[in-house]
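Peer 1: What follows is a structure written as structure tokens; I'll ask about it next.
The values are calculated or read from the model by the stated rules, or taken from the named source; none is laboratory data. Everything quoted here is computed from the prediction, not taken from an experiment. Neighbour counts are summed over all protein chains in view; Cβ atoms, including those assigned to glycine, are modelled from backbone coordinates with ideal geometry.
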Amino acid sequence: MAGGPSTPALTAAVANAGGYGMIAAGYLTADGLRQAIAAARTLTGGPFGVNLFVPSEPGDPEDIARYAVALEPEGARLGVALGEPRWESDAYDEKLDVVESSHVHLASFTFGCPDAELVDRLHRAGIQVAVTVTSAPEANLATEVGSDLLAVQGTEAGGHQGSFATREANRRPLMSLLEEIRETTDLPAIGAGGIMTGEQAAAALRSGAIAVQIGTALLGAPEAGTSDLYRQVLRDARYPKTIVTRAYSGRFARGLANRFALEHDREAPQAYPEVHHLTRPLRAAAGAAGDSSVPNFWAGTGWRQLTSDPAATTIRRIAGEARRAEG
């Protein structure tokens, strides 16, 4: 939910409804994260966590340069220059300091696995640790470093895939992935990917999850920072399917299959965050112009069931449906 939809108001609304809210630290500065945590605490007394991007390895400069050439016509059409395809850590160390000093309840990691020393450091601060995994080998690595929880992400999930043990896109459905991981580790698992209804949540619980994580289901909530264009595109069902692509950021992510995603899917190299910075001016210019053919609209496979209900309504609906489905 980084890059806009995640807000302190959304985090607090989820927590106040009996869920477990998360703040997306991605793309924030360390000070911005500190302010977001403080703002959420003014709105809720409930527990919440912070999700962090683990820095990726730099991409191949030649691959990135070739992709830049392929994108030049997009820049010319929009009247903007491409961004500088730079590598950076997303202020990872500084944000870890903020998380540690703020004593949030949970630090969750995606794009990689923290080492055992970092996990111990967070534990000493009274902070639990979760790692996003998309395979049994990743789950085993998270177990070995002392993680408390696994966020098991199926291919149905919207936004970036958290894979770190492979360079391939995750094609594993959530339910089968949960069952496989349950056989390899005893760590509690949170099921993520395509959860829009209580029936789907109940299915994840039957497959071994202790809880479920939702993202796409909250994109239409008034508390979310989802842009007007993003909301309109989802409401209009302008693009009939989703695609897993590296075209926008250099990491595999699922979003609506608009023109840019379809045309540049095969060209984009594995190079995050370099490609993210390269395409950012294109996405911003198109969004400002109301051109939905270019920006990324992250969405899971169940996006057609999205409502504009307040976050609390969605949380309580899914929880109620799940209880009824469980009998």
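Peer 1: Of everything in the stretch 275-306, what is under 19 Å from the mean Cα position of the chain (by Cα) and of a type in the set (Ser, Thr, Tyr)? Give them in sequence order.
Peer 2: If the condition is that a residue be under 19 Å from the mean Cα position of the chain (by Cα) and of a type in the set (Ser, Thr, Tyr), then THR279, THR301 are the ones that fit.
Peer 1: Looking at the stretch 8-25, which of the residues that are out of contact with any Lys or Arg (no Cβ under 8 Å at 6 or more places or on another chain) and in a loop (DSSP other than H, G, I, E, B) is farthest from ALA130 (Cα to Cα)? Can you show your working first?
Peer 2: If we filter the stretch 8-25 for residues that are out of contact with any Lys or Arg (no Cβ under 8 Å at 6 or more places or on another chain), which is where we start, we get 8-16, 19-24.
Now restrict to residues that are in a loop (DSSP other than H, G, I, E, B): 19-20.
Details: GLY19: 16, TYR20: 13 Å.
Residue satisfying both the conditions and the ranking: GLY19.
Peer 1: How do the pairs read when you match residues in the stretch 193-219 that are in contact (Cβ under 8 Å) with a residue 24 or more places away in the chain and on the phi > 0 side of the Ramachandran plot with residues anywhere that are of a type outside the set (A, V, I, L, M) and surrounded by 24 or more Cβ atoms within 10 Å (Cβ to Cβ), using Cβ under 7 Å and keeping only pairs 6 or more apart or on different chains?
Peer 2: GLY193/GLN153; GLY193/GLY154; GLY193/GLY300; GLY194/GLY154; GLY194/GLN200; GLY194/GLY300
Peer 1: Of all residues being of a type outside the set (A, V, I, L, M, F, W, C) and surrounded by 14 or more Cβ atoms within 10 Å (Cβ to Cβ) in the stretch 78-96, which is nearest to ALA286 (Cα to Cα)? Just the residue, please. Lay out the reasoning, then the answer.
Peer 2: Filtering the stretch 78-96 down to residues of a type outside the set (A, V, I, L, M, F, W, C) leaves 79, 83-86, 88-90, 92-95.
Restricting the remaining residues to those that are surrounded by 14 or more Cβ atoms within 10 Å (Cβ to Cβ) gives 83, 85, 90, 92, 94-95.
Working: GLY83: 14, PRO85: 19, ASP90: 24, TYR92: 29, GLU94: 32, LYS95: 30 Å.
Going through the qualifying residues, I end up with GLY83.
Peer 1: For the stretch 222-242, state whether one or more residues are in contact with an Asp or Glu (Cβ under 8 Å, 6 or more places away or on another chain) and either surrounded by fewer than 23 Cβ atoms within 10 Å (Cβ to Cβ) or not assigned by TED's automatic domain parsing to the domain that holds GLU326 (or both).
Peer 2: Among the residues of the stretch 222-242, not one is in contact with an Asp or Glu (Cβ under 8 Å, 6 or more places away or on another chain) and either surrounded by fewer than 23 Cβ atoms within 10 Å (Cβ to Cβ) or not assigned by TED's automatic domain parsing to the domain that holds GLU326 (or both), which makes the answer no.
Peer 1: Could you go through the stretch 273-284 and let me know if any residue there is of a type in the set (Asp, Glu) and buried (at least 24 other Cβ atoms within 10 Å of the Cβ).
Peer 2: Yes, some residue in the stretch 273-284 is of a type in the set (Asp, Glu) and buried (at least 24 other Cβ atoms within 10 Å of the Cβ).
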